[in-house]
1. Given points 7 Å out from each Cα along the Cα-Cβ axis, report the Gln147 to Thr111 separation in nanometres with one decimal.
2. Residues with beta-carbon under 15 Å from that of Glu203, excluding Glu203: net charge, scoring Lys, Arg +1 and Asp, Glu -1?
3. Please say if the range 138-237 is rounded, prolate or oblate, where rounded means a/c under 1.5 for a ≥ b ≥ c the square roots of the C-alpha gyration tensor eigenvalues, and otherwise the choice is prolate for a/b larger than b/c and oblate otherwise?
4. Please list the non-local residues whose amide H lies under 5 Å from the amide H of Gln245, H modeled 1.01 Å from N, same-chain partners needing a gap of 5 or more.
5. Around Glu225, which amide H atoms from residues at least 5 apart in sequence, or from another chain, sit under 5 Å from its own amide H, with H modelled in the peptide plane?
Amino acid sequence: MTTTPTTDSAPAPRSGTGGAVLEASGVTMRFGGLTAVRDVDLTVRAGEIVGLIGPNGAGKTTFFNCLTGLYIPTEGTVRYKGTVLPHRSHLVTQAGIARTFQNIRLFANMTVLENVLVGRHTRTHEGLLSALVRGPGFRRAERDSEQRAMELLDFTGLAAKRDHLARNLPYGEQRKLEIARALASEPGLLLLDEPTAGMTAIETTATRELVLAIREQGTAVLVIEHDMRFIFNLCDRVAVLVQGQKLIEGTPETVQNDDRVIAAYLGTPFDGEPGEAEAAEVRAAEQTGTAGTDTTQGKAD
């Protein structure tokens, strides 16, 4: 992990941030005896970009899945603008949270424009009968959706490739297309799961500028990323997960200089490390010959 000051200046914290867009409280996710996320609290306010980092297996993507309805948390609640979210991903999207995925999930044999139009489905209200009849209301909704989709393609720099198949786009542009499709649902909060993975330095810089532009348009952002320079130059706040628990949360400067964060990335144990109590309990049980179910905290991402 890089702990020296980054060369690019991070954006100044925004003084105009508003109320909470996302409130995750006590989120825990267990898979049988495996605890992937344990009692995590996280708030994202309007106008903020918040980073979520941690070593491989820290539970970051599992936490994202709990926020977006792909997983039903074992414990805890997730609220969007004060309302508890339903445990269905399409209803979470409809409420106002959109996401991208660690592994790109585009419709490979559909065009760039068609992929973005798919993202509009939660914001259109034409039913089956309207689609069959194709009356004036349906045609108007189609025109409006296509206009909005083209605005997003222009915003992400993909307008010239509207008729290209998604599978024929370069990797970096596929990432942009996935962001454009997520934005098509008009979210108040956008979750990005490793948006710069596999990108060149130039593509990473372009992605940073895109995320800042998304924030300027009024959408809060929560981002998982392994590129520490990207995170610390982008985010207003950063939270660190280690073994499924939140280790620290603060400004980029506070987090990157915290000894516990450095130890977590280097694999060095530290006092009070999440999971230490569970490991001590297992060791004691083994010494007395009473070991039963393994209570060590598992890791998942």
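No lab work stands behind these numbers, since they all come straight from the coordinates. Note that this is a predicted model, so its numbers are computed, not measured. With ideal geometry, Cβ positions are generated from the backbone for all residues, glycine too; neighbour counts draw on all protein chains shown.
1. 1.9
2. -2
3. Numbers: a/c = 2.50, a/b = 1.47, b/c = 1.70.
Because a/c hits 1.5 or more and a/b fails to exceed b/c, the range 138-237 counts as oblate.
4. Arg38
5. Sorted by chain and number, the residues that satisfy this are Leu52, Glu194.
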